[in-house]
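Reading through the structure tokens given below for one structure.
Coordinate-derived values only; no laboratory data. Since this is a predicted model, take the numbers as computed values, not measurements. All Cβ positions, even for glycine, are placed from backbone atoms using ideal geometry, and neighbour counts span all protein chains on display.
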Amino acid sequence: MIHAFLFLSRGVRDHDDHGPAFQGHMNRINSIANTKITVFHTFHREVEAYRLHWWQCDVRIQGKLYYQYSFEYGQGNCRTKKPYFGLVKRSINRPPSKRDTWWAEHQRSCGGSFIKIKEPVDYKKKKIRKATSAKKPTKSSDITSYFPNKDKDVAKNLINTPSVDDITQGISLQADRKIVVIDLTDKG
């Protein structure tokens with residue numbers, strides 16, 4: 001929040017700056033609100049909370065599925081290597097593929113494919129619900145249908161008012177309504 005305040009009030013665009021301005025606001029807020037804001041902060045836990053789609057490397061050697069620590073080092077050893085142990089966590093539903101920068105190295109050293117092992121609760125139900133609702137044609141209604149009967153004429157008149165371009169060209173779409181048209185084009 002202090003970074004945002006400094007950006008809006010002073011135009012400070014360096015969001016990594018924990019200089020005197022940041023520390024002054026930090027100390028002021030800490031003393032007033034009895035908080036413990038520091039210059040040492042990250043958002044790793046917050047980001048991790050949104051990684052709800054998980055894929056695990058699925059290594060098959062001679063037709064057998066090998067799980068973590070159940071095979072010799074060599075082909076398919078990504079499940080024994082730190083820090084990820086063959087696990088990919090993402091916030092979006094995009095499985096690991098050749099679009100990832102590390103994919104070629106994984107194929108060379110491990111050769112395994114990834115299977116989805118975790119997703120948000122009711123994720124498939126929501127996906128099915130969206131697909132079925134998208135198939136139903138929606139009836140587009142006129143905006144005036146949202147107005148009470150007495151206001152429909154007013155709404156229709158608002159829709160039919162001339163645009164600025166029409167006015168500057170001296171054209172009125174509603175000649176019967178006594179609209180004063182001022183020609184703003186420079187003819188001089």
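Data overview
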read-out	value
Residues with amide H under 5 Å from that of Asp58, placed H, sequence gap 5 or more	Ser113, Phe114, Ile115
Burial ordering of Lys124, Lys116, fewest other beta-carbon atoms within 10 Å first	Lys124, Lys116
Where only alpha carbons of segment 2-41 are counted, the Rg and the Dmax (Å)	10.0, 28
In nm, spacing of pseudo-spin labels at Thr42 and Ser91 (7 Å Cα→C-beta vector)	1.6 nm
J(HN,Hα) series, segment 22-28, from Karplus relation 6.51 cos²θ - 1.76 cosθ + 1.60, nearest Hz, glycine and proline x	4, 5, x, 5, 4, 5, 4
Distance (nanometres) between label positions extended 7 Å along Cα→Cβ at Leu8 and Trp102	3.7 nm
